[in-house]
Amino acid sequence: MRIRIPPFSLFAGTANPDLAAAVSRALDHPISPCVVERFPDGEISVHLDEPVRGHPVFIVQPTSPPVTENLFQLLSLVDACRRAAAGRVTAVVPYFGYARADKRHARREPITASMVANLFQAVGLNHLVTLDLHAAQIEGFFHLPVDNLTAVPLLCDELKHRLPPGTVVVSPDEGRVKMASDFAQRLGTDVAVVHKQRKSGTETKIVKVVGDVRDRPCLIIDDMISTGGTIERAIAALLKSGARPEMRVAATHGVLLEGARSALSHPALGEIYVTDTVAPHHKDWQQLKVISVAPLLGAAIQRLAARESIEDLFQ
Ligand code: R5P
């Protein structure tokens, strides 16, 4: 049954135009025109080309690389909406950048996830919709409603008939154990964990594998793949622990920086499943399977615009 939705406006920044267009199609609702460009000195300039007075507004913009640029665009769009007397302003941020610093690892460091939450609140955001936050407790930095959706059901639907029997779900570090358990429960299998000791922000070191991986195919899961280093090291640790050289990867956010493709070119690794929260740049990468979150985001916007529950979207 199609929900009757009161009028609202849908805007998008420039971070992931294909995803924004797919959300618009899923909703059967146009993206309102706006101009996002740069002044000659590099400053970001935003202009909404349509009145929003009194309208609920949804803005689709992942804060993916270039993170600061895309974040500032989003903050500018929210500010423009609020100053133009919009109704509730909801940011739909499928990938939430600056999330990795959710606590201080050493003294004299910032907590950037908390800074970003403060910035959103300072410009008058009313509601945040995001997906597989790096750490669920980031929600606590906000004093506004946060709906942290998950792509795990979508990824499992894609994977459930494609995994060889006996596949074990592997968390590449302690931080992803809960996500791995969710995958395992949906796929009807068990979990192993790779203990990762981080040496610095960019360098990691594998310690050991906990769980039954001997002679078993593995599905390594993660919230994001950035340089590919975490997965590369997990593969090495799993093979050393006797896992079958038959691995797959599933992660919500395919940030996939330069070098990730080469880091993930291991002969034991088959398909890599990610979603389109971050605009995919590797069209010719056969191993990479991209699953769209547009229907999920469209369904969330539809329900929120109609002021209905989104609980079923987590199942
Ligand atoms: C770490 O805590 C995250 O969950 C990911 O494992 C990490 O960010 C992936 O980054 P990379 O691909 O650069 O190892």
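The values are calculated or read from the model by the stated rules, or taken from the named source; none is laboratory data. None of these values were measured; they are calculated from a predicted model. With ideal geometry, Cβ positions are generated from the backbone for all residues, glycine too; neighbour counts draw on all protein chains shown. Ligands, DNA and RNA are stripped out before the accessible areas are found, and what is left, the full protein with its side chains, is counted by its heavy atoms. Shrake-Rupley method; radii C 1.70, N 1.55, O 1.52, S 1.80 Å.
Measure out, as a whole number of angstrom, how far apart the alpha-carbon centroids of the stretch 299-313 and the stretch 74-152 sit.
If we compute the Cα centre of each part, the gap is 19 Å.
I'd like to compare 66-78, 99-111: which one has the highest average count of other Cβ atoms within 10 Å, and what's the full order after that?
66-78, 99-111
Which whole-number percent gives the relative contact order of the stretch 152-291, counting Cα pairs below 8 Å spaced six or more residues apart?
It rounds to 20 percent for the stretch 152-291.
Could you give the alpha-carbon Rg of the stretch 152-291 over 2.2 N^0.38 Å, rounded to two decimals?
After normalising by residue count via 2.2 N^0.38 Å, the value is 0.95.
Determine the relative contact order of the chain: mean sequence separation of Cα pairs under 8 Å and six or more apart, normalised by residue count, in whole percent.
15 percent
List the relative contact order of the stretch 41-188 as a percent without decimals, with contacts defined as Cα pairs under 8 Å and 6+ residues apart.
18 percent
Once you compute Rg and the Kirkwood Rh from C-alpha atoms, what is the Rg to Rh ratio for the stretch 19-60?
1.05
Scaled to the compact-protein estimate 2.2 N^0.38 Å, what is the alpha-carbon radius of gyration of the stretch 45-134, rounded to two decimal places? Please report the intermediate quantities before stating the final value.
On the way: Rg = 13.8 Å, N = 90, 2.2 N^0.38 = 12.2 Å.
So the stretch 45-134 has a normalised radius of gyration of 1.13.
Considering only the chain, what is the antiparallel percent among its DSSP beta bridges, to the nearest 5?
Counting DSSP beta bridges with both partners in the chain, the antiparallel share is about 25 percent.
Tilt of helix 112-122 relative to the longest C-alpha principal axis of the chain, in degrees (0 to 90, nearest 10)?
20 degrees
Express the accessible area of the chain per residue in Å², computed with a 1.4 Å probe while the remaining protein chains stay in the model.
Per residue, the chain has 48 Å² of solvent-accessible surface.
Just the Kirkwood number for the chain, please: inverse of mean 1/r across all distinct Cα pairs, in Å, one decimal.
Every distinct Cα pair counted, the radius reaches 20.4 Å.
Show me the ranking of peptides 39-51, 279-291, 148-160, 11-23 by mean Cβ neighbours inside 10 Å, starting with the highest.
Sorting 39-51, 279-291, 148-160, 11-23 by mean packing, highest first, produces 11-23, 148-160, 279-291, 39-51.
Sort 267-276, 303-312 for me by packing, meaning the mean count of neighbouring Cβ atoms within 10 Å per residue, highest on top.
267-276, 303-312
Report, to the nearest whole %, how much of the accessible area of the chain belongs to carbon and sulfur atoms, 1.4 Å probe, protein only.
Carbon and sulfur: 51 percent of the exposed surface of the chain.
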